[in-house]
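Colleague: The structure's right below; bear with me while I get my questions together.
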Amino acid sequence: MVIKKFDFYEVVVPAKPDMVASKTINKPLHKLPVGVKSGWSVQFDTLPKLIIRMELSNGIIGWGECYRDHDWRMIHHIAEAFINVSLTDLCLQNLPINFCREYDGFECAIYDAYAKAHGLRVVDLLGGPVRTNVRVGAWSSHREKEEIPDLAKRFSDMGFDCLKFKTDLDDDVTAWCESIRAVDPNMSVILDPNERWETTANTSKRLHALAEIGNVLGLEDPIPRWKLDDFALLRSLGLVPIILHISMPYIIHGQRITDAISALQANAIDGFNFNCGIANFQRLDHIAAAAGLTCWHGSEIDLGILEAMYMHSSAAASSCTWPGDIFGRLIREHDLLKEPLPIRPPYAELPHGLGLGVEPDMAAIQHYLTDQKTFEA
């Protein structure tokens, strides 16, 4: 079980036409800076993703996937730290490398290989599944309000019962939600301003109208996350559930596990969106479950390997009952899996095989390949 080799495949997988936003809207969704460019300046599907193939001395292969816009220098350092290391010498819940955006991709590969070596699924390493079907939702970025009825009908016909939107102050979210209720009274909505509603005044006037419509499942990060007192004020209105997004890969923004504790102490939230690796998601689930709150697993609109990881984490998490951000091939051209995750809206089914239970499609990886590197003993 000694790590002998890493193969790294850098890919760029575009989104499908018209699956992100209206053609008339150009609002990039990558929240983090890219080089010298500021956040919100680059569209997510133009950024590279890194697929990790990790080979053990016994021939077992572990697969991982990094979040978008990886740092090759960091990839090299981590690979160097793990080469010739036995998985039996690792503490899976605390790998011996400094936490960074690339950490979760390597953690994914290590869990996959370790579970396979012991004849287990990744979910079994987390204590076993509390559910085998994970609720998932549909997704869209910003839309012209005239497009909403057709969009809602399309997702409703597919079987989805929740639709999540990115939104800012320019979007007529009241009209969106009214249109969705008219198309499908049973479809709920999650609105995610990513802090861009800015103030409690901007938010509260929207909340009153949304509460009358009655189909908003949650409002995620409406204002800057450091304003927990204002989060608590919005929650005290009792109009729409207030959600805090904790994304551990956003280390440049200082997001940490302790954010969940701070939000609970401030009585500021009704639930969470957690996005992180396997061990950290379990830690956050335990916090939410102990507080009697619910969560869903977030994403960066990832590919199939990370989504499989999210499925195992969600299946083992008692608090993870809200519709998660696992879209399969709904948004991007391909998920780079031979067989897509089994998604039968509004649920995705836990893969059945060992480890992550998925097999990457090497032909698809080669099709979208932009760079390739190998690191071995």
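Colleague: Which of the residues spanning segment 334-358 are buried (at least 16 other Cβ atoms within 10 Å of the Cβ) and charged (D, E, K, R)?
Modeller: 335
Yes or no, residue by residue, for (1) within 30 Å of residue 70 (Cβ to Cβ); (2) in contact (Cβ under 8 Å) with a residue 24 or more places away in the chain; (3) crowded, with 22+ Cβ neighbours inside 10 Å:
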site	(1), (2), (3)
174	no, yes, no
186	no, yes, no
195	yes, yes, no
198	no, yes, no
205	no, no, no
215	no, yes, no
231	no, yes, yes
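Colleague: If residue 317 satisfies every condition in (1) within 27 Å of residue 42 (Cα to Cα); (2) outside any helix (DSSP H, G or I) but one, which is the exception?
Modeller: Among (1) within 27 Å of residue 42 (Cα to Cα); (2) outside any helix (DSSP H, G or I), the lone unmet condition for residue 317 is (1).
Colleague: Restricting attention to segment 152-161, does a residue exist that is touching a strand residue (DSSP E or B) at 6+ places or on another chain (Cβ under 8 Å), surrounded by 21 or more Cβ atoms within 10 Å (Cβ to Cβ), touching a residue at least 24 places away in the same chain (Cβ under 8 Å) and farther than 21 Å from residue 321 by Cβ?
Modeller: Looking for residues that are touching a strand residue (DSSP E or B) at 6+ places or on another chain (Cβ under 8 Å), surrounded by 21 or more Cβ atoms within 10 Å (Cβ to Cβ), touching a residue at least 24 places away in the same chain (Cβ under 8 Å) and farther than 21 Å from residue 321 by Cβ, one finds at least one in segment 152-161, hence yes.
Colleague: Residues of segment 359-377 being charged (D, E, K, R) and either in a loop (DSSP other than H, G, I, E, B) or crowded, with 18+ Cβ neighbours inside 10 Å (or both), which ones?
Modeller: Once the filter is applied, which keeps residues that are charged (D, E, K, R) and either in a loop (DSSP other than H, G, I, E, B) or crowded, with 18+ Cβ neighbours inside 10 Å (or both), segment 359-377 yields 359, 361.
Colleague: If residue 304 satisfies all but one of (1) more than 25 Å from residue 34 (Cα to Cα); (2) buried (at least 20 other Cβ atoms within 10 Å of the Cβ); (3) not charged (D, E, K, R), what's the number of the condition it fails?
Modeller: (1)
Colleague: Could you list, in sequence order, the residues of segment 157-196 that are in a loop (DSSP other than H, G, I, E, B), closer than 13 Å to residue 27 by Cβ and not charged (D, E, K, R)?
Modeller: Answer for segment 157-196, where residues must be in a loop (DSSP other than H, G, I, E, B), closer than 13 Å to residue 27 by Cβ and not charged (D, E, K, R): 167, 169, 193, 194.
Colleague: Consider residue 40 carefully, then state whether it is among the aromatic types (Phe, Trp, Tyr) and more than 24 Å from residue 365 (Cβ to Cβ).
Modeller: yes
Colleague: Quick test of your reading of the structure: residue 126 fulfils all but one of (1) surrounded by fewer than 19 Cβ atoms within 10 Å (Cβ to Cβ); (2) not assigned by TED's automatic domain parsing to the domain that holds residue 209. Name the failing condition by number.
Modeller: All conditions pass for residue 126, except number (1).
Colleague: Taking residue 191, is it surrounded by 22 or more Cβ atoms within 10 Å (Cβ to Cβ), among the hydrophobic types (A, V, I, L, M, F, W, C), without any contact (Cβ under 8 Å) to a residue 60 or more places away in the chain and touching a helix residue (DSSP H, G or I) at 6+ places or on another chain (Cβ under 8 Å)?
Modeller: Here the answer is yes, as residue 191 does meet what is asked.
The values are calculated or read from the model by the stated rules, or taken from the named source; none is laboratory data. Please read all numbers here as calculations on a predicted model, not as lab measurements. In this analysis, Cβ positions are derived from the backbone assuming ideal geometry, glycine residues included, and neighbour counts consider all displayed protein chains.
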